[in-house]
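The values are calculated or read from the model by the stated rules, or taken from the named source; none is laboratory data. This is a predicted model, so every value here is computed, not measured. No Cβ is skipped: glycine too gets one built from the backbone with ideal geometry, and neighbour counts run over all protein chains shown.
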Amino acid sequence: MTDSIANLPDSRFKRYESLQAALNLIDQGFTLIDSNLGLVAWNSTFLRLLDFPAEMAYVGAPFESFIRFNALRGDYGSGDPQAHIDARMAAARAFTEHQIERTRPDGTVLLVRGLPVPEHGFVTLYSDISDQRRAQAQILKQNQTLETHVAERTAELRRSEAQMRLITDSIPALIAYSDRDRIYRYINRGYQDWFGLDPAAPGKVSAKEFLGADTFAGIRPYVTQAFAGAASTFEYEIQRIDGSRVTARTTLIPEISANGKVAGCFELTFDISAEKRAQDLLIQARKMEALGQLTGGLAHDFNNILTVIIGNLSVLDEASGGKQAVADFVKPALDAARRGAGLIKALQSFSRRQPLQARAVDIVPLLEAGIGLLRSSLPENLQIELTAAATPLWAWVDADQLQQALLNLIFNARDASPAAGRISLCASASLLDGAQAADRQLTPGPYICIEVSDQGSGMDAQTLARVFEPFFTTKRPGLGTGLGLAMVHDFIQQSGGAIAIKSRQGQGTEVALWLPACAAEAEQPLLAAAAGTSSASRGLALLVEDEAEVRKVVRRMLRELGFAVIEAGSGSEAMQILEQTPGIALLLSDMVMPGEVDGRALAAYASDPIGLQQILLMSGYAPEQPEQHGQGSLVPILSKPFTRAQLAAKLEEISS
């Protein structure tokens, strides 16, 4: 305590002590200096916070002593202590209000605030804000750590989003998400490929615009269902930006939020055009199979009936001696019966029982020959033209069946064309890659493509979907059976090829056939058919047929061809005759007969042990394809109904 304070009167001294005790209770350091920069008042917190010895503080103590003490112990940092002292004393003499932060060497952070006190001097407050600054530093550090984590997480999310987009863009499908307001928030690259939309701006996408008003109206009920909370799947046709039309299948899956409401909807769309084509082909194949089964059950009986009718009418025609009165009745009946036989043969082709005589065929000459045959049957103003490569185009195909198929297509084009129209044929070589071949249900490789197009009335979608159905026709009754395109379809598939039709109403029709290409081969000469009768005795023939009327007709043919004939009504009866009758030169037997012994078994028995050389089977079921029996040799087959000339030709074939 200084002498000046000690000499104060008791009342003033006590007042001073009370004031000092109160100042010492303040948790902020406090100093008051007079205009001469002498210490007037202070508290113990000031001495403690700045670590000053207690003896330094007394009334009148020069403020410079505190500045010097700090400078000498390095509180103001490196450099000349006197320079630090001079700078701080100059600032103190200005008595300017200030607020600064100062960090002491021990790490204590002090907030120093100075205020002038008019007519008394300058008061300074010292606050320890170390904890506050440490807390702020900790918060700042935590914020920086959090920001680092957020940045890392954001980068990770962006990488994940990029990976997810890469995945969704690689999937051959359209993937999208729209919010509850039906605004797209995400679309993958499929939308760009199909419709030219920008995946980076999904919010600008309008389903009504890229689908079209009509298509959008058709699918709207399914969209409404999905946004009501129920998943939906539907199929529809759409046109892509390249002009192609595809069949699409879309599945909409609603996103349900925690409150049970629909937050948005996920969308997945696939191109199922190939699947639909495969389904159509499967349905067509099943129809053909069903028709074949039906045909197989009826053909035998119909052919037996027609054999009797044609055989008897032929005899009646020959016996008439050219009388016109008889011919006027017989010829139409014969023609009708033969057309019936042709229809049965056409139906049998669907059951895959008509084998193809495939060989290497140069397509261009075949087309030229067909056009030459048809020109006279086409209207004068209807043009037919052929475009083909200069080099030969060889395909592995049955030439006769192909020519018949092309006649069907050209006649269809003729019937659909206007009087002054044009039918165009085009033949070219085509190398189908994996995708192209799969689209046509073929294996990749070289093919010959034949296109037949017209400028006719065309077909609507409903008609186009049914063109390959047996008996389906748009022609008036009596002008078509509806088997033409069905037979072409069946033949092309049996040949290992494919057929496709493009047609639109008022814009004509184009039919494209793909046939397997092959190397050129030398054509084999055709076997000349013997059709005449013979008066010479050709030996004894055993005729086996369970239908009496058919036996009667065939027996007459054999006799006219020079055979003596014995008959059997069953296979077992024929076996007994073969055992007991020497000198039989020919066995002519039906293939399908009641009982345990059918034509195949009888042929095998006649060959061994009997040793018969001339064996011929006939059938209303089977085509003219040799039948192999137990010995490994082949037995020719003659399809019913047949004429005497056809029988003669087949007999010449087996006897040569």
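The set of residues in segment 413-444 being closer than 25 Å to Gln357 by Cα and in contact with a helix residue (DSSP H, G or I) (Cβ under 7 Å, 6 or more places away or on another chain) consists of Leu425, Ala427, Gln441, Thr443, Pro444. Only one of the numbered conditions (1) assigned to a loop (DSSP other than H, G, I, E, B); (2) free of Cβ contacts under 8 Å to residues at least 24 places away in the same chain; (3) of a type in the set (Ser, Thr, Tyr) is not met by Thr148, and that is (1).
Among the candidates Glu380, Glu385, the residue that is exposed (fewer than 14 other Cβ atoms within 10 Å of the Cβ), modelled with pLDDT of 75 or more and among the charged types (D, E, K, R) is uniquely Glu385.
Taken over segment 378-398, the criterion of being of a type in the set (Gly, Ala, Ser) and out of contact with any helix residue (DSSP H, G or I) (no Cβ under 6 Å at 6 or more places or on another chain) is satisfied by Ala389, Ala390. The requirement of being at pLDDT below 90, assigned to a helix (DSSP H, G or I), among the polar types (S, T, N, Q) and touching a strand residue (DSSP E or B) at 6+ places or on another chain (Cβ under 9 Å) is not satisfied by Gln163.
If you go through segment 423-434 and pick out every residue that is in contact with a Ser or Thr (Cβ under 6 Å, 6 or more places away or on another chain) and at pLDDT below 90, you end up with 1. Can you find a residue that is surrounded by fewer than 11 Cβ atoms within 10 Å (Cβ to Cβ), under 30 Å from the mean Cα position of the chain (by Cα) and of a type in the set (D, E, K, R) anywhere in segment 153-174? Yes, some residue in segment 153-174 is surrounded by fewer than 11 Cβ atoms within 10 Å (Cβ to Cβ), under 30 Å from the mean Cα position of the chain (by Cα) and of a type in the set (D, E, K, R).
Restricting segment 399-412 to residues that are in contact with a helix residue (DSSP H, G or I) (Cβ under 7 Å, 6 or more places away or on another chain) and closer than 22 Å to Gln507 by Cα leaves a set whose member that is surrounded by the fewest Cβ atoms within 10 Å (Cβ to Cβ) is Leu407. When you look at Arg185, is it basic (Lys, Arg), surrounded by fewer than 16 Cβ atoms within 10 Å (Cβ to Cβ), within 24 Å of Gly260 (Cα to Cα) and in contact (Cβ under 8 Å) with a residue 40 or more places away in the chain, yes or no? Judged against the criteria, Arg185 is a match.
Annotation: Ala603 fulfils all but one of (1) of a type outside the set (Phe, Trp, Tyr); (2) part of a strand (DSSP E or B); (3) free of Cβ contacts under 8 Å to residues at least 40 places away in the same chain; the unmet one is (2).
Being of a type in the set (D, E, K, R) and surrounded by 12 or more Cβ atoms within 10 Å (Cβ to Cβ) is the requirement here; does Arg48 meet it? Against the criterion (of a type in the set (D, E, K, R) and surrounded by 12 or more Cβ atoms within 10 Å (Cβ to Cβ)), Arg48 qualifies.
Ser257 meets all of the listed conditions (1) under 30 Å from Ala461 (Cβ atoms); (2) loosely packed, with under 15 Cβ neighbours inside 10 Å; (3) small (Gly, Ala, Ser) but one, namely (1). Taking (1) at pLDDT 85 or above; (2) in contact with an Asp or Glu (Cβ under 8 Å, 6 or more places away or on another chain); (3) part of a loop (DSSP other than H, G, I, E, B) in turn, Glu451 satisfies each apart from (3).
Do we find that Ala248 is over 30 Å from Arg440 (Cα atoms), of a type in the set (Gly, Ala, Ser) and either in contact with a His (Cβ under 7 Å, 6 or more places away or on another chain) or not assigned by TED's automatic domain parsing to the domain that holds Ala500 (or both) in this structure? Judged against the criteria, Ala248 is not a match.
Per this entry, Leu586 is counted among residues that are touching a residue at least 60 places away in the same chain (Cβ under 8 Å) and buried (at least 18 other Cβ atoms within 10 Å of the Cβ). State all residues of segment 218-277 that are part of a strand (DSSP E or B), modelled with pLDDT under 90 and of a type in the set (Gly, Ala, Ser); if no residue qualifies, say none. Those that are part of a strand (DSSP E or B), modelled with pLDDT under 90 and of a type in the set (Gly, Ala, Ser): none in segment 218-277. Here is a check on your reading of the model: is Asp75 charged (D, E, K, R), assigned by TED's automatic domain parsing to the domain that holds Leu25, farther than 23 Å from Asn36 by Cβ and in contact with a Lys or Arg (Cβ under 8 Å, 6 or more places away or on another chain)? In short, yes. Scan segment 206-223 residue by residue and report those that are more than 22 Å from the chain's Cα centre (by Cα) and touching a residue at least 24 places away in the same chain (Cβ under 8 Å). Correct list: Val223 only.
Residues that are surrounded by 15 or more Cβ atoms within 10 Å (Cβ to Cβ), among the acidic types (Asp, Glu) and modelled with pLDDT of 70 or more: does segment 306-317 have at least one? Checked segment 306-317: at least one residue is surrounded by 15 or more Cβ atoms within 10 Å (Cβ to Cβ), among the acidic types (Asp, Glu) and modelled with pLDDT of 70 or more. The residue that is surrounded by the fewest Cβ atoms within 10 Å (Cβ to Cβ), counting only those in segment 110-142 that are free of Cβ contacts under 8 Å to residues at least 60 places away in the same chain and charged (D, E, K, R), is Glu119. Scanning segment 501-514 for residues that are among the aliphatic types (A, V, I, L, M) and either touching a Pro at 6+ places or on another chain (Cβ under 9 Å) or under 14 Å from Ile448 (Cα atoms) (or both) yields Val511, Ala512, Leu513. For the condition farther than 21 Å from Leu110 by Cα and assigned by TED's automatic domain parsing to the domain that holds Asp106, what is the one hit in Ala92, Ala57, Ala61? Only one candidate qualifies: Ala61. No other residue among Ala500, Ala437 is surrounded by fewer than 17 Cβ atoms within 10 Å (Cβ to Cβ) and either at pLDDT 80 or above or assigned to a strand (DSSP E or B) (or both) apart from Ala500.
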